[in-house]
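K.L.:
Take a look at the following structure, please.
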Amino acid sequence: MYCYTCDADEQHRPLTAAEKVWLKNEKDLKNVEAFFVCTKPNCRNLRTGFNKHPFDPVIRLPQPD
């Protein structure tokens, strides 16, 4: 998938359960099943399957603890 912040095609993965909870709370969303996160180190940009730039400004998942 294309990553808006990397400006290139990068590998993405679905969100984990904890990441879904974080995104729901952060953006007050009811459904976050369509979101993917870029797996390039230090990127962690969020996108959906159809929208490469769903948030303005860009939202990145925080680094795992």
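K.L.:
Which of the residues belonging to the range 47-64 are outside any loop (DSSP other than H, G, I, E, B) and free of Cβ contacts under 8 Å to residues at least 24 places away in the same chain?
P.N.:
The answer is 48, and nothing else.
K.L.:
Another question, then. Quick one: how many residues across the range 16-65 are open to solvent by 70 Å² or more (accessible area, probe 1.4 Å), of a type in the set (Asp, Glu) and under 22 Å from residue 2 (Cβ atoms)?
P.N.:
2
K.L.:
What pairs come up if the first residue lies in the range 1-30 and is free of Cβ contacts under 8 Å to residues at least 40 places away in the same chain and more than 14 Å from residue 61 (Cα to Cα), the second is open to solvent by less than 80 Å² (accessible area, probe 1.4 Å) and hydroxyl-bearing (Ser, Thr, Tyr), and their beta carbons are under 9 Å apart, counting only those six or more places apart or on different chains?
P.N.:
8/2; 9/2; 10/2; 10/39; 11/39
K.L.:
Applying the selection to the range 1-12, what residues are open to solvent by 70 Å² or more (accessible area, probe 1.4 Å) and either among the hydrophobic types (A, V, I, L, M, F, W, C) or under 10 Å from residue 36 (Cα atoms) (or both)?
P.N.:
1, 11
K.L.:
Considering only residues that are under 14 Å from residue 64 (Cβ atoms) and within 10 Å of the chain's Cα centre (by Cα), which ones fall in the range 24-42?
P.N.:
Those that are under 14 Å from residue 64 (Cβ atoms) and within 10 Å of the chain's Cα centre (by Cα): 37, 39.
The values are calculated or read from the model by the stated rules, or taken from the named source; none is laboratory data. Because the structure is a prediction, the values reported are computed rather than measured. Using ideal geometry, Cβ is built from the backbone for each residue, glycine included, and neighbour counts are taken over all protein chains shown. The protein model used for the area step is the full one, side chains on, heavy atoms only, and it has no ligands, DNA or RNA in it. Shrake-Rupley method; radii C 1.70, N 1.55, O 1.52, S 1.80 Å.
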